[in-house]
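**Q** Sharing a structure below in C-alpha cells format, with a few things to ask.
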Amino acid sequence: MSNIVVVFDFDKTIIDIDSDNWVVDELGATELFNQLLPTMPWNSVMDKMMNELHLQGKTIEDLEQVLNRVPIHPRIVPAIKAAHALGCDLRVVSDANTFYIETVLRHLGVRECFSEINTNPGFVDDEGKLRILPYHDFNKATHGCTLCPPNMCKGKVIERIQSTFATEDKKKIIYLGDGAGDFCPSLKLVDGDFMMPRKDFPVWELICNNRNLVKAEIHEWTDGEDLEQVLLGLIASIISAEDTKNSVENSSQLFDCKFRTIALEAFPKPLYVPH
C-alpha cells in the first residue's frame, strides 16, 4: 500500500455529465425541475423531484436503468483500476448522492476499488421512493463555509480525511474535480499534495484566478484519456520518489553500520604495558 490518497469528484469527473441533470432529463422531468430550482436549494429540489417521479409511477429500477447508461469516457475505468492496483487509497467526495454513485460504480465494476464515498445520503424508503438528504443538515446548523453550497462543504471532508493521517505516514493527496464546489477542498491541500482540475471548468477558472491560494501542485486535465495519463504519471512519480528515498535511507543506514564495523576493526588493539 502506497501513501497516496486519490480523491475523485463524481459528476463530470468519473462520469462525463451531471448525474442529477441526467436522471431528470432521461425521465422526462426537466420542466418541473426548472420550475422548482429557483425556489429551494439544489439538494432539496432533487429530493422533491424523486417524490414527484415516484408519484408519476417511476420505480427504483427505472432510476437504476438510467444510471447504468450514464456517459463515461472509456479510459476512466482503466485509470481507476490501475490506481487501485498500484496501492492507492481511492475515495469519492461528491455532491451527488450515495444511491447514484453506488449504482454507477457497481455497474462499472469498480465499487470495491474505493475505500469510502463521501456524499449526500440517498436511500430507498419504505414506500419504494428515493430520498436524498443533505450531507450537512443545514436545517439544524450551517457548516460555516461561504464557498460551498449549504448541504455540503467538501473542504471539511478533506480536513476530516487529513485528520486521520498519522504524522509519520506522510500521505499525499491527489484531488480530481471540475466544479466550483471543488475549489474549497483545493485550498485545504498542503505542500506535497496535487490538485487536478478539469481544464476550462469552474474549479480550473477559480484556481487560475487565485493561484497563490493553492499550495498543492496543479496538473490540469481535459478528458478521460488525459485524466488517466496525468493521474498515473503522478502516481508513478510519487512512488518512484518514495522508492528512491527509501533506497537512499537504507543505503545510508547500511553504510553507517559498515563504517562502524570497519572503523572498529581498523583501530589498533590496545597495548598493555606492564608496570
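**Q** How many residues are outside any helix (DSSP H, G or I) and either in contact (Cβ under 8 Å) with a residue 40 or more places away in the chain or surrounded by 18 or more Cβ atoms within 10 Å (Cβ to Cβ) (or both) if we restrict to segment 91-125?
**A** Applying the first criterion (outside any helix (DSSP H, G or I)) to segment 91-125 yields 91-97, 109-110, 114-125.
Add one more test, that the residue is either in contact (Cβ under 8 Å) with a residue 40 or more places away in the chain or surrounded by 18 or more Cβ atoms within 10 Å (Cβ to Cβ) (or both), and what stays is 91-97, 110, 114, 117-120, 122, 124.
Going through segment 91-125 one residue at a time, the tally reaches 15.
**Q** Does ILE80 satisfy being among the aliphatic types (A, V, I, L, M) and either in contact with a Cys (Cβ under 6 Å, 6 or more places away or on another chain) or under 23 Å from PHE183 (Cα atoms) (or both)? Give the steps one after another, and end with the answer.
**A** On the way: among the aliphatic types (A, V, I, L, M): yes; either in contact with a Cys (Cβ under 6 Å, 6 or more places away or on another chain) or under 23 Å from PHE183 (Cα atoms) (or both): yes.
Yes; evaluated as a whole, the condition is true for this residue.
**Q** Restricting to segment 216-245, give me the number of residues that are touching a Leu at 6+ places or on another chain (Cβ under 6 Å) and either free of Cβ contacts under 8 Å to residues at least 40 places away in the same chain or surrounded by fewer than 19 Cβ atoms within 10 Å (Cβ to Cβ) (or both). Quick ask: steps written out before the conclusion?
**A** As a first pass, look at segment 216-245 and keep what is touching a Leu at 6+ places or on another chain (Cβ under 6 Å): 216, 221, 235.
Filter again for either free of Cβ contacts under 8 Å to residues at least 40 places away in the same chain or surrounded by fewer than 19 Cβ atoms within 10 Å (Cβ to Cβ) (or both), leaving none.
Counting residues in segment 216-245 that are touching a Leu at 6+ places or on another chain (Cβ under 6 Å) and either free of Cβ contacts under 8 Å to residues at least 40 places away in the same chain or surrounded by fewer than 19 Cβ atoms within 10 Å (Cβ to Cβ) (or both) gives 0.
**Q** Checking the structure you have, find out if any residue of segment 133-142 is of a type in the set (A, V, I, L, M) and touching a Lys or Arg at 6+ places or on another chain (Cβ under 8 Å). It would help to see each step written out before you state the result.
**A** Applying the first criterion (of a type in the set (A, V, I, L, M)) to segment 133-142 yields 133, 141.
Of the ones still in play, those that are also touching a Lys or Arg at 6+ places or on another chain (Cβ under 8 Å) are none.
No, there is no match, as no residue in segment 133-142 is of a type in the set (A, V, I, L, M) and touching a Lys or Arg at 6+ places or on another chain (Cβ under 8 Å).
**Q** So, one more: I'd like the full set of residues that are part of a loop (DSSP other than H, G, I, E, B), modelled with pLDDT under 95 and either surrounded by 15 or more Cβ atoms within 10 Å (Cβ to Cβ) or over 18 Å from the mean Cα position of the chain (by Cα) (or both), limited to segment 153-169.
**A** The initial filter retains those residues of segment 153-169 that are part of a loop (DSSP other than H, G, I, E, B), namely 153, 164-166.
Now restrict to residues that are modelled with pLDDT under 95: 164-166.
Across segment 153-169, the qualifying residue is only ALA166.
**Q** Give me the pairs, please: first residue somewhere in segment 132-155 and on the phi > 0 side of the Ramachandran plot, second residue anywhere and of a type in the set (A, V, I, L, M, F, W, C), beta-carbon distance under 8 Å, and either six or more positions apart or on two chains.
**A** Once the first residue is on the phi > 0 side of the Ramachandran plot and sits in segment 132-155, its partners that are of a type in the set (A, V, I, L, M, F, W, C) give GLY144/CYS153.
**Q** Right, something else. Only one of these is modelled with pLDDT of 95 or more, farther than 29 Å from GLY224 by Cα and small (Gly, Ala, Ser): GLY57, GLY87, GLY109. Name it. Spell out how you get there, then give the answer.
**A** Details: GLY87 fails: farther than 29 Å from GLY224 by Cα; GLY109 fails: farther than 29 Å from GLY224 by Cα.
The match here is GLY57.
**Q** Please go through (1) closer than 24 Å to PHE138 by Cβ; (2) loosely packed, with under 15 Cβ neighbours inside 10 Å for PRO71 and return the number of the only condition it doesn't satisfy.
**A** (1)
**Q** Another one. Scan segment 67-90 for residues that are without any contact (Cβ under 8 Å) to a residue 40 or more places away in the chain and outside any loop (DSSP other than H, G, I, E, B) and report the count.
**A** Result for segment 67-90: 4.
**Q** Which of the residues spanning segment 1-36 are surrounded by 13 or more Cβ atoms within 10 Å (Cβ to Cβ), without any contact (Cβ under 8 Å) to a residue 24 or more places away in the chain and under 27 Å from the mean Cα position of the chain (by Cα)?
**A** ASP18, ASP25
One line per residue, one yes/no per condition, for (1) at pLDDT 90 or above; (2) polar (S, T, N, Q); (3) within 18 Å of the chain's Cα centre (by Cα):
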| residue | (1), (2), (3) |
| --- | --- |
| LYS172 | yes, no, yes |
| ASP178 | yes, no, yes |
| PRO185 | yes, no, yes |
| GLY192 | yes, no, yes |
| LYS199 | yes, no, yes |
| ARG211 | yes, no, no |
| LYS245 | no, no, no |
| CYS257 | no, no, no |
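**Q** Filter segment 174-219 for residues that are of a type in the set (A, V, I, L, M) and closer than 16 Å to SER94 by Cα and give the result.
**A** So in segment 174-219, the residues of a type in the set (A, V, I, L, M) come out as 174, 176, 180, 187, 189-190, 195-196, 203, 206-207, 213-214, 216, 218.
Across segment 174-219, the qualifying residues are ILE174, LEU176, ALA180, MET195, MET196, VAL203.
**Q** A follow-up question, please. Does ASP47 meet the test of being among the acidic types (Asp, Glu), at pLDDT 95 or above and either assigned to a helix (DSSP H, G or I) or under 15 Å from PHE99 (Cα atoms) (or both)?
**A** Numbers: among the acidic types (Asp, Glu): yes; at pLDDT 95 or above: yes; either assigned to a helix (DSSP H, G or I) or under 15 Å from PHE99 (Cα atoms) (or both): yes.
Answer is yes for this residue.
The values are calculated or read from the model by the stated rules, or taken from the named source; none is laboratory data. All values reported here derive from a predicted model rather than from experimental measurement. For neighbour counting, all protein chains shown are included, and Cβ atoms are generated from backbone atoms with ideal geometry for every residue, glycine included.
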